[in-house]
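Worksheet for the structure shown next.
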């Protein structure tokens with residue numbers, strides 16, 4: 001529990017650790033802990049991000065799952081986007097543009113896939129990330145607002161803008177759990193667990 005609380009504290013107080021490169025890169029000159037702490041505080045103020053006490057933040061098993069896998073969420077998003085777009089990608093033979101692990105995940109049969117009209121005018125990768133981000137934001141009723149605010153910082157501004165044009169989706173526990181597992185497996189071939197996540201049917 002203490003380790004999870006400290007991980008949550010880092011997410012809340014250190015957004016530079018996961019800020020998307022297109023939102024700004026901190027020069028190595030500012031890498032000293034004291035300087036970086038000041039930059040984090042400045043960023044929190046500039047973005048008006050709430051910073052509640054981690055021990056006071058209302059949590060549930062899904063919150064703990066997000067905390068445990070926070071750094072994986074951009075990859076999880078892309079995987080979920082590929083899965084949701086798979087029928088369209090298959091029809092247009094676009095699946096060849098995906099790497100083998102992403103293709104394998106996109107093919108998984110989890111029943112009916114919601115039909116979402118997604119323009120590919122801005123490129124396939126951006127479409128996958130935006131649709132996957134929409135699938136993540138579907139969890140907003142289960143995830144504290146402070147984390148939802150920071151989720152968007154892990155994505156480029158164009159992806160976030162694209163996601164905001166998409167329809168609301170319903171949270172899909174099975175898709176999310178499998179995407180987290182897939183992301184962890186293909187980052188570390190020895191890691192088959194999904195840290196902190198409840199059963200997919202929860």
Can you tell which of 134, 170, 183 is under 30 Å from residue 44 (Cα atoms) and modelled with pLDDT of 95 or more? 134
If the requirement is being outside any helix (DSSP H, G or I) and within 19 Å of residue 133 (Cα to Cα), which of these qualifies: 84, 19? 19
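Is it true that residue 125 is under 30 Å from residue 52 (Cα atoms) and more than 12 Å from the chain's Cα centre (by Cα)? I'd like the intermediate steps shown before the answer.
On the way: under 30 Å from residue 52 (Cα atoms): no; more than 12 Å from the chain's Cα centre (by Cα): yes.
No.
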Check on residue 55, closer than 15 Å to residue 181 by Cα and in contact (Cβ under 8 Å) with a residue 24 or more places away in the chain: no
Filter result for residue 197 (more than 28 Å from residue 57 (Cα to Cα), out of contact with any strand residue (DSSP E or B) (no Cβ under 8 Å at 6 or more places or on another chain) and at pLDDT below 90): no
Against the definition (touching a helix residue (DSSP H, G or I) at 6+ places or on another chain (Cβ under 9 Å) and without any contact (Cβ under 8 Å) to a residue 12 or more places away in the chain), how does residue 123 come out, yes or no? no
Applying the selection to the range 159-175, what residues are touching a residue at least 40 places away in the same chain (Cβ under 8 Å) and closer than 22 Å to residue 117 by Cβ? 162, 166, 167, 169, 170, 172, 175
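Can you find even one residue in the range 106-121 that is part of a helix (DSSP H, G or I), under 24 Å from residue 165 (Cα atoms) and under 19 Å from the mean Cα position of the chain (by Cα)? If you could, list the steps in order and put the result at the bottom.
Residues of the range 106-121 that are part of a helix (DSSP H, G or I), as a first pass: 106.
Those still in the list that are under 24 Å from residue 165 (Cα atoms) too: 106.
From the residues that got through so far, the ones that are under 19 Å from the mean Cα position of the chain (by Cα) too are 106.
Yes - at least one qualifying residue is present in the range 106-121.
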Within the range 127-151, count every residue that is assigned to a helix (DSSP H, G or I) and touching a residue at least 12 places away in the same chain (Cβ under 8 Å). 17
Suppose we filter the range 87-105 for residues that are part of a helix (DSSP H, G or I) and touching a helix residue (DSSP H, G or I) at 6+ places or on another chain (Cβ under 7 Å); how many remain? 8
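One line per residue, one yes/no per condition, for (1) surrounded by fewer than 22 Cβ atoms within 10 Å (Cβ to Cβ); (2) modelled with pLDDT of 90 or more; (3) touching a strand residue (DSSP E or B) at 6+ places or on another chain (Cβ under 9 Å):
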residue: 60; (1), (2), (3): yes, yes, no
residue: 65; (1), (2), (3): no, yes, no
residue: 74; (1), (2), (3): yes, yes, no
residue: 95; (1), (2), (3): yes, no, no
residue: 107; (1), (2), (3): yes, yes, no
residue: 114; (1), (2), (3): yes, no, no
residue: 123; (1), (2), (3): yes, no, no
residue: 129; (1), (2), (3): no, yes, no
residue: 138; (1), (2), (3): yes, yes, no
Restricting attention to the range 32-48, which residues are loosely packed, with under 10 Cβ neighbours inside 10 Å and either modelled with pLDDT under 90 or in a loop (DSSP other than H, G, I, E, B) (or both)? 33, 34, 48
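The values are calculated or read from the model by the stated rules, or taken from the named source; none is laboratory data. These numbers were taken from a predicted model, which means no experiment stands behind them. For neighbour counting, all protein chains shown are included, and Cβ atoms are generated from backbone atoms with ideal geometry for every residue, glycine included.
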